[in-house]
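One structure below.
The values are calculated or read from the model by the stated rules, or taken from the named source; none is laboratory data. No experiment lies behind these values; they were computed from the predicted model shown. We place every Cβ from the backbone using ideal geometry, glycine too, and count neighbours over all the protein chains shown. All accessible areas refer to the heavy atoms of the entire protein, side chains included, with ligands and DNA or RNA removed. Shrake-Rupley method; radii C 1.70, N 1.55, O 1.52, S 1.80 Å.
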Amino acid sequence: MLEIEGLNAWYGASHVLHGLSLAVEPGEIVALVGRNGAGKTTTIRSIMGLMPKATGAVRFAGTELLALPAHARFRLGLAYVPEERRIVPGLSVRENLQLGLLAAKGAIDERAAIDEIARTFPRLKERLDQQGVTLSGGEQQMLAIARAMIAGPRMILLDEPSEGIMPVLVEEMGALFRRLRDEGVTLLLVEQNVEWALRLADRAVIIDQGEIVHHSTAAALLADKAIQERYCAV
Ligand code: ATP
């Protein structure tokens, strides 16, 4: 589904990713872990077309992405939930969800799409007309995920979705990600909550100083405390 080969990325003169290669198969959850500053967010931003400079090859469902602007990547069925959530001030929950449909390809029945999201997220259903930014942190994260899901993407990139969320919602989120995976959606999950991510994921990849230094099944990494200590300790 997603193949990255020899990806390099820069912020100005600062060279952050150094020839990173990574593949994600259709319908799997891959956890991308590593310590602060390792390059996890930069990897996701490169896939989405949000880096000032990136070279190498990034293919999604056979299409080369690096030459495409960010909005064209969304239209291919790639969705992104950024770490900072970006709930738009001045817009209701419903209007924030509608933004997720704007970038979509083709006509989507807006009412049916919002009804479907409301079934999946009862907490949002009760608050559709409330201002998005007045939701709790956990509810805002759910809204950011719902907005990414609403147009039916083939793959979702999530940057630290569990951060700052109470445990009961983190568990709900885990169940939702498993359900999405079982429905055939592919997920790339960047996480600091390594244990939670590894219990959820099928495969795990560790990034360190802008390069992939380990890949294995998630279960194998979960069992290998030495590698976790070496590369994931905060
Ligand atoms: P974290 O968990 O702390 O977000 P990360 O693995 O996601 O870490 P990145 O955010 O990808 O790491 O950062 C990789 C490197 O790029 C770091 O050295 C960071 O300081 C640098 N960096 C990130 N954003 C910028 C920016 N806007 N301008 C310059 N350098 C940046």
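Springs join every pair of Cα atoms under 10 Å in this Gaussian network model of the chain, and among 50, 78, 65 the largest mean-square fluctuation is at 50.
Here the accessible area of the chain is 52 percent carbon and sulfur, with a 1.4 angstrom probe and all protein chains present. Computed from backbone phi, the HN-Hα couplings of the stretch 4-18 come to 10, 10, x, 7, 10, 9, 9, 9, x, 8, 8, 8, 9, 10, 10 Hz, rounded to whole numbers (Karplus: 6.51 cos²θ - 1.76 cosθ + 1.60, θ = phi - 60°; Gly and Pro given as x).
For the stretch 188-193, the Karplus equation 6.51 cos²θ - 1.76 cosθ + 1.60, evaluated at θ = phi - 60°, returns couplings of 10, 10, 8, 8, 8, 7 Hz by residue, with Gly and Pro reported as x.
Largest GNM mean-square fluctuation across 181, 147, 123, computed for the chain with C-alpha springs under 10 Å, falls on 123.
Among 224, 115, 109, the order of accessible area from largest down is 109, 115, 224, computed with a 1.4 Å probe on protein heavy atoms. As a length-normalised measure over Cα pairs under 8 Å and 6 or more apart, the relative contact order of the stretch 91-152 settles at 54 percent. In percent, rounded to a whole number, the relative contact order of the chain is 29, using alpha-carbon pairs under 8 Å and six or more apart.
Only aspartates and glutamates eight or more places from residue 125 in sequence, or on another chain, were considered; those with a Cα closer than 19 Å are 95, 109, 110, 115, 116, 139, 172.
Among 108, 150, 206, the largest mean-square fluctuation in a Gaussian network model of the chain, built with springs joining Cα atoms closer than 10 Å, belongs to 108. Under 5 Å between amide hydrogens, built in the peptide plane, is the criterion, and for residue 186 it picks out 27, 155, 156 among residues at least 5 positions away or on other chains. Bridging of residue 40 to aspartates and glutamates at a Cα separation below 15 Å is possible for 83, 84, 159, 160, 163, 191, 208, 211, once same-chain residues fewer than 8 apart are set aside. Skip the ligands, DNA and RNA, and give the accessible area per residue of the stretch 91-152 with a 1.4 Å probe, whole Å². For the stretch 91-152, the per-residue accessible area is 50 Å².
Across the stretch 52-68, rounded Karplus estimates of 3J(HN,Hα) from the backbone phi angles (6.51 cos²θ - 1.76 cosθ + 1.60, θ = phi - 60°) give x, 8, 9, 10, x, 10, 10, 10, 10, 6, x, 9, 6, 8, 4, 7, 8 Hz, Gly and Pro being marked x.
For the set 166, 173, solvent exposure ranked by accessible area (probe 1.4 Å, protein chains only) runs largest to smallest as 166, 173. Taking the helices alone, the chain has a mean residue ellipticity at 222 nm of -11000 deg cm²/dmol, built from -39,500 (n - 2.57) per DSSP H run of at least 4 residues and averaged over all its residues. A cut-off of 5 Å between modelled amide H atoms, ignoring neighbours fewer than 5 places along the same chain, links residue 214 with 206. Loop-located GluC sites (Glu not before Pro) in the stretch 75-136 (DSSP state not H, G, I, E or B) with no more than 13 neighbouring Cβ atoms inside 10 Å: 84, 126.
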